[in-house]
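Trainee: Here's a structure for you.
The values are calculated or read from the model by the stated rules, or taken from the named source; none is laboratory data. Model, not experiment: these values are computed from the prediction. Heads up, the Cβs are rebuilt from the backbone with ideal geometry, glycines too, and the neighbour counts pull from every protein chain shown. Just the protein is used for accessible areas: all its heavy atoms, side chains included, with ligands, DNA and RNA removed. Shrake-Rupley method; radii C 1.70, N 1.55, O 1.52, S 1.80 Å.
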Amino acid sequence: MTKAPKGLISPPGGENRPNGVRLDKTFHIITFGCQMNVGDSDWLARALAARGWRQTSEEDAWLFVVNTCSVREKPEQKVYSELGRIAAHRRGKPGLTAAVGGCVAQQIGAGFFERFPFVRLVFGSDGIAAAPDALDRLADDPAARVALLDFLPAYPERENVLAQAVAPAPLPAFDADAGEPDAGPAQAFVNIMQGCDNFCAYCIVPYTRGRQKSRAPAAVLEECRLRVEQGAREITLLGQNVNSFGLDPGGAGVGFAELLRQVAAIPGLMRLRFTTSHPKDIDPAVIRAFGELENLCPALHLPLQSGSDAILKRMGRKYDRARYLSLVADLRAARPDIALTTDLIVGFPGEGEEDFLRTLDMMERVGFESSFFFRYSDRPGVASVRMSPKVPDEVGQERLLRLQSLQNGITKQSLKRLEGCEAVVLLESMSRRQDAGEPFWRGRDAGGRVVNVRLPRREDGAGRMVRVLLREAKNHSLVGERVGQPW
Ligand code: SAM
Ligand code: SF4
């Protein structure tokens, strides 16, 4: 992995020298990757707004922040093509500047300065706390470049932008390759930890995001309280492995089950979710919480990765099929309507047809409502790079299609079972597809399923809740009819 220099970088000479034209304080954020990146971009947008920067469209922006992900190979390549696209905006705006944050920034570091001269800030997952000040500095000093790539020993608490009297910036654009949609105005993502200690054989996260560091429970609670006061109805607690919250040296003696209880008790919080959970660490007290906490949504993303014990072992996941199935049974005993979703990797080195059939078998046994499937890709420095045999691409692609087709059938069946039931939906935004009738709004039920429902013309549904009679299951969503008024 590239070892990147730290702090302020003196500008190199020649073509790579920043051109010294002052930067107008308008910005546009482009986010790749997971919900943690979405949360980071949201915080950065607010922190910049608090410093007098203005969030604008791409056309009007002088500063582009690209918040990156390198968990898989494809998202990493997207960053380069995105920077190439941004370069086109430099015509007529010679001072246009880009900042690159997140995993790819941590990995490539100051290499970005060489390849894209208009990149003047790179920041890693711990460096983001100092990024707003660094950007102010770039605006004041047109010749400066800054690299914020050090890992810090404790969770880098960020300034509390919520407490400042600044109108919240709209959520930044989100281009997740996993296909997650934008969140609505009543949904907040709150970081509870950073990094990961698990070193699963395929995963780059411990290298790009560093070792696990739990945030102070009081800071988590304070942010959640402020979010609710400012209109959040749903909070998602975020971490790479939330089940091990508090167990690192920075932990304050409060485990994840206790933290969940404290957040759930915040007056006015209607929905609480969390992601991601590693099956090996899920505590029985967290499972019980699904049956006990009314506002804890009956939904859990529990990445399985593979249904083959041999592959799970090579992946270093530290659970097997039997343990996973017993967790599922316990979760369903605590909350029979819980909606389970998962991540699966196909084509991990050494995955044979028999292993893959075990994965299909687990999908049927568990009946996941939906899954994210990833074709295995080698990531620099991880253990599986040295594992063999590699699975040929055509085999991996064919397995992806088989997974998709099985999941489509399971999803359709589970949605069909809900036809005729009622659900409370938190509305996010207008649906993409409309017809001549009243406009469709799109939201989610407590299980996280997408529901489309019509609202009267000119009614703004964003952030409101509405009771819906679920009429029709589509392939990946439900269509319902409003019962009563939204609130
Ligand atoms: N912390 C979560 C967990 O333990 O399951 C996962 C976080 S990871 C950022 C998101 C997903 O990316 C993983 O669940 C895995 O399925 C996928 N992933 C990670 N590394 C990968 C690789 N090298 N190739 C393909 N998919 C990968
Ligand atoms: Fe990666 Fe494993 Fe950590 Fe998840 S638990 S972030 S897959 S190392």
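Trainee: What's the extension gain from Asp197 to Lys313 if we count 0.36 nm per residue and subtract their Cα-Cα distance? Before the final figure, lay out the partial values.
Mentor: Numbers: separation 116, 0.36 × 116 = 41.76 nm, distance 1.70 nm.
Full-extension gain reported as 40.1 nm.
Trainee: Would you mind computing, in nm to one decimal, how far apart the modelled labels at Asp378 and Arg261 are, each placed 7 Å from Cα along Cα→Cβ?
Mentor: Result for the modelled spin labels: 4.9 nm.
Trainee: Using a 1.4 angstrom probe, figure out how much accessible area the range 23-173 has per residue, in square angstrom, rounded to the nearest whole.
Mentor: Using a 1.4 Å probe on heavy atoms only, each residue of the range 23-173 averages 34 Å².
Trainee: Sort by residue number and report every cysteine in the chain with no other cysteine beta carbon within a distance under 4.7 Å.
Mentor: Cys34, Cys69, Cys103, Cys196, Cys224, Cys297, Cys421
Trainee: Can I ask one more? With a point put 7 Å past each Cα toward its Cβ, work out how far Asp136 is from Leu400 in nm, to one decimal.
Mentor: It works out to 4.4 nm between the two label points.
Trainee: Ok, one more. As a test of the definition: which semi-axes, in Å, follow for the chain when you take the square root of five times each eigenvalue of its alpha carbon gyration tensor? Largest first, please.
Mentor: 35, 29, 23
Trainee: Continuing with the same structure: Between Gln77 and Glu59, what length comes free when the chain is fully extended (0.36 nm per residue of separation minus the Cα-Cα distance, one decimal in nm)?
Mentor: Here the answer is 4.2 nm.
Trainee: Can I ask one more? Which one of Ala423, Asn408, Val391 has its Cα pushed farthest toward the positive end of the charge dipole of the range 372-429, where Lys and Arg give +1 and Asp and Glu give -1 at the Cβ?
Mentor: Sorting the options by dipole projection puts first Val391.
Trainee: Sticking with this one: Can you list which of the GluC sites (Glu not before Pro) found in the range 438-487 are DSSP loop residues with at most 12 other C-beta atoms within 10 Å?
Mentor: For GluC sites (Glu not before Pro) across the range 438-487 that sit outside H, G, I, E and B with at most 12 neighbouring Cβ atoms in 10 Å, the list is empty.
Trainee: If you don't mind, another one. Mind jotting down the distance between the C-alpha centroids of the range 412-487 and the range 85-160, whole Å?
Mentor: Each part reduced to its Cα centre gives a spacing of 40 Å.
Trainee: What are the equivalent ellipsoid semi-axes of the range 270-313, built from the alpha-carbon gyration tensor (square roots of five times its eigenvalues), in whole angstrom, biggest first?
Mentor: 25, 11, 7
Trainee: Could you tell me what percent of the accessible area of the chain is made up of carbon and sulfur, with a 1.4 Å probe and every protein chain present? Intermediate values should be presented prior to the final figure.
Mentor: Values: 10310 of 20010 Å².
Ligands and nucleic acids excluded, carbon and sulfur reach 52 percent.
Trainee: Something else about it: Work out the length of the dipole vector of the chain about its Cα centre, built from +1 on the beta-carbon of each Lys and Arg and -1 on the beta-carbon of each Asp and Glu, and round it to the nearest 20 debye.
Mentor: Dipole about the Cα centre, nearest 20: 260 debye.
Trainee: Gain in length, Glu159 to His476, computed as 0.36 nm per residue apart minus the alpha-carbon separation, to one decimal in nm?
Mentor: 110.2 nm
Trainee: Can you give the Rg and Dmax of the range 58-121 based on its C-alpha atoms, in angstrom?
Mentor: For the range 58-121, the Cα-based Rg and Dmax read 11.3, 35 Å.
Trainee: Also: Hey, what number do you get for the chain at 222 nm if only DSSP H runs of n ≥ 4 count, each worth -39500 (n - 2.57), divided across all residues, to the nearest 500?
Mentor: Values: 13 runs with 146 residues, N = 487.
It lands at -9000 deg cm²/dmol.
Trainee: Right, something else. Using a basic spin-label model with each label point 7 Å from the Cα along Cα→Cβ, how many nm lie between Lys416 and Glu459?
Mentor: About 3.1 nm separates the two model spin labels.
Trainee: Restricting to lysine pairs 8 or more places apart or on different chains, what number in the chain have Cα atoms under 23 Å apart?
Mentor: 14
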